[in-house]
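The values are calculated or read from the model by the stated rules, or taken from the named source; none is laboratory data. Note that this is a predicted model, so its numbers are computed, not measured. Cβ: placed from backbone, ideal geometry, glycine included. Neighbour counts: every protein chain shown.
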Amino acid sequence: MIEPTSRYATIPDATLAVPDADGRPRQLVYKRRRFIPDGSGTTTLVEHRVAQGERLDNIAARYLGDPTQFWKLCDANGVMHPAELEAMGRTLRIALPGF
């Protein structure tokens, strides 16, 4: 089950028919691939410079009110992996909610 606040909540499902061990068709349901959205049309609320030891979930809790929304910071900064944003001294773009 995917939580409604997950980055995958709005990604449509897809199906694939594959044979099972007995040769009968079986439907596999999966999420389609998610691409990082183009953030060029969004508005930056604030920029945050990462301090030593800061974690992205804590930064998300501070600005977005929910540590599980760290992925919105990833999207706003055009990265796939959260660890890319935790480098000390990096400036993070915090976009308007609904990004």
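Descriptive notes on the structure:
- Any chance T15 is in a strand (DSSP E or B) and out of contact with any Asp or Glu (no Cβ under 9 Å at 6 or more places or on another chain): yes
- Test: D22 is surrounded by 10 or more Cβ atoms within 10 Å (Cβ to Cβ) and of a type in the set (D, E): no
- Restricting region 80-99 to residues that are surrounded by 14 or more Cβ atoms within 10 Å (Cβ to Cβ) and within 12 Å of the chain's Cα centre (by Cα), the residue that is modelled with the lowest pLDDT: F99
- Criterion: among the hydroxyl-bearing types (S, T, Y), closer than 13 Å to N77 by Cα and loosely packed, with under 13 Cβ neighbours inside 10 Å - qualifying residue of T10, T15, T43, T5: T43
- Any chance A61 is exposed (fewer than 10 other Cβ atoms within 10 Å of the Cβ) and either at pLDDT 95 or above or in a helix (DSSP H, G or I) (or both): no
- Pairing residues of region 57-70 that are touching a residue at least 60 places away in the same chain (Cβ under 8 Å) with residues that are of a type outside the set (A, V, I, L, M, F, W, C), at Cβ distances under 8 Å and at least 6 apart in sequence or on separate chains, gives D66/T5; T68/E3; T68/T5; T68/D57; Q69/T5.
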